[in-house]
Amino acid sequence: MDQPDTPDVDGTLAWEVPCDRLFDLVPSAISVIDRGFRIRRVNETFRRMFGDRVGEPCYAVFKGRHLRCQSCPMARTFDDGGIHHGEELVDTLNGGARKVAVQTSPIVGAGGRVIAGLEVATDISRSVEQWQELALLGRAMAGLAHYIKNVLTGLDGGVFVVEEAFARHDDTLLRRGWDMVRRNIDRVGRLSREQLYCSRERVPVLEDVSPNSVVCEAARLFAPKVAQEGVAFTVELDPRVGHGWIDPEGLHNLVTNLLVNALEACRFDTGKDHHWIAVKSVTDSGGRFVLEVADNGHGIPSEVNCRLFADVLSTRGTAGTGLGLLVVYHVVSAHRGEISVLSEDGLGSVFTVTLPLQPRPDASAGAAAEAAGDGDGTRPERSVSPL
Amino acid sequence: MARTVLVIDDEPDVQTYLATLLEKEGFTVVTAGDGEEGFTRAVESKPDLIFLDIMMPKKTGIMLYRRIRKEPTIGAVPVVILTGLSQYRTFFAQDFEQIPHPEAFVEKPPKPEELIALARRLTHQSA
């Protein structure tokens, strides 16, 4: 093999670096684990992610558990001496829960027996987020195409009816046609606004508001549509939820989109005669704002990959643009919040959004932009919403 | 004699559009906004042609189609499915198993001249 001729940082050539240093330079967390599942040696990346936890059980270090994990790639390596892979959610020192790709391989002693295992854990959290976003985008496009076709039909129809009304000198028909045109132009506007969220052109504008007031307003505006469909609608907002620096327009859009999805799930559910949607808010033990939107609609089919953030068949409805859940995802990301969904095919769904109530941003634009950032390292300028 | 066309779509704008278009070409148009109303109107008016939006709430578009095909008085009426889905043949393949297929699928937004030509052909009406 040709030797590299580019010196490394301290002037020595790469192949002269001691193995120990290479071990520490690897950007994945490496640990040597004995057959008692205790950590015997770690590299520098491991220490940064989990601390110097040599001597402790791996399941305690990675997962905070008292007992071994049921599905453990290291256990499989000890059993068969083979290399095994997995994806795990682990607790890190400073980054909270992170998704890691794990590979375990055997360390074989002189007698050919597996005496320990080497575990390499690589943080893939950002890749998982990007993959989820791409998958959401793909699904959104299908719903989007359907929505656009309905809008085009409405616009084509409106123009046709207006022209026909002129030919017939029929003012009543003219009004109907014009209303069709206006209605569908409004729908184009909605699509445009949601695309702005998804393309990240819109910068979140933080204000010191009560998230409950935003949720209440969004629910109030949506209530007539729910009533029109004969669906029961309850809103329970915990009065102890305080104020915080959030993006009220983003939150309003988030709530509206979750309600649209819930209503569509109810409209397209053939299994029940009576449907309901329930909105609830509380503050969790960490002071974060927790919003739940639940429905007893058709739920999410079991064949859908539930590792995705969510998949509501937006192609079944005409109310949503297809970008709804993508908008929700972006708003949650912009607030550095979390979202989860619990759903059962035929029974219904519960979407839970958790948003930190941001402390008052620093007066400097930089700090405010950091608080409003979407986690990808960009620092957008703070501005009034262009919408 | 004017042919009667029944337009069943939960979008009022689509009902208005198709009704205006078809009436201009001499058809008598009846409209309905959901599956239940659609079936009632179909049995009452015994139309010469039905335009049916397949994506209506609670699967009523598909359920209505099956019901129409099984109803002796209207089972033979030509049905044109309206859909916003490009992949409709794949999407609906399972729904149309073991029953006569629709006479045509029209993808939204429809081209007016093609819609009228289809309506004339299926109702045996000359231009």
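Laboratory data are not the source of any read-out in this text; all were calculated from the coordinates shown. Everything numeric in this text was worked out from a predicted model, so none of it was measured. Cβ: placed from backbone, ideal geometry, glycine included. Neighbour counts: every protein chain shown.
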For a paramagnetic label modelled at 7 Å from the Cα of A:T270 toward its Cβ, which residues of the range B:35-66 fall within the zone defined by backbone nitrogen distances under 20 Å? B:35-43, B:51-66
Count, lysine Cα pairs under 19 Å in chain B, 8 or more residues apart or across chains: 4
Just to be sure I understand: with springs between alpha-carbon atoms less than 10 Å apart, which residue in B:P110, B:P72, B:P102 has the highest mean-square fluctuation in the Gaussian network model of chain B? B:P72
Over chain B, what is the relative contact order in percent, taking alpha-carbon pairs closer than 8 angstrom and at least six residues apart? 22
If we count every other residue with Cβ under 11 angstrom of A:L347's Cβ, Lys/Arg +1 and Asp/Glu -1, where does the sum land? -3
Pull out the extension gain between A:C69 and A:H252, defined as 0.36 nm times the separation in residues minus the alpha carbon to alpha carbon distance; nm, one decimal. 61.8 nm
Separation in nanometres of the label points that stand 7 Å from Cα toward Cβ, at A:L221 and A:E44: 5.3
Which residue fluctuates most in the GNM of chain B (Cα springs below 10 Å): B:I68, B:I116, B:I50? B:I116
What number comes out for the charge environment of A:T283, summing +1 per Lys or Arg and -1 per Asp or Glu over other residues with Cβ under 11 Å away? 0
Gain upon complete extension [A:I115, A:D186; 0.36 nm per residue less C-alpha separation]: 18.7 nm
With an 8 Å cut-off on Cα pairs and a minimum separation of 6 or more residues, tell me the relative contact order of the range A:87-170 in percent. 17
GNM of chain B, Cα pairs under 10 angstrom: of B:G61, B:G26, B:G35, the biggest fluctuation goes to B:G26
Tail weight of P(r) past 16 Å, computed on alpha-carbon pairs of chain B, percent: 58
Take every Cα-Cα distance within the range A:146-261, group them into 5 Å bins from 0 onward, and report for each bin the whole-number percent of pairs it holds. 2, 10, 13, 14, 15, 14, 11, 8, 6, 3, 1, 1, 0
To the nearest 20 debye, the range B:1-67 has a Cα-centred charge dipole, built from +1 on Lys and Arg Cβ and -1 on Asp and Glu Cβ, of 320
Residue span B:E36 to B:E113: 0.36 nm per residue of separation minus Cα-Cα distance leaves a gain in nm of 24.7 nm
B:V106's amide H: which non-local residues (gap 5+, or another chain) put their own amide H closer than 5 Å, with H modeled 1.01 Å from N in plane and none for Pro or chain starts? B:I81, B:L82, B:T83
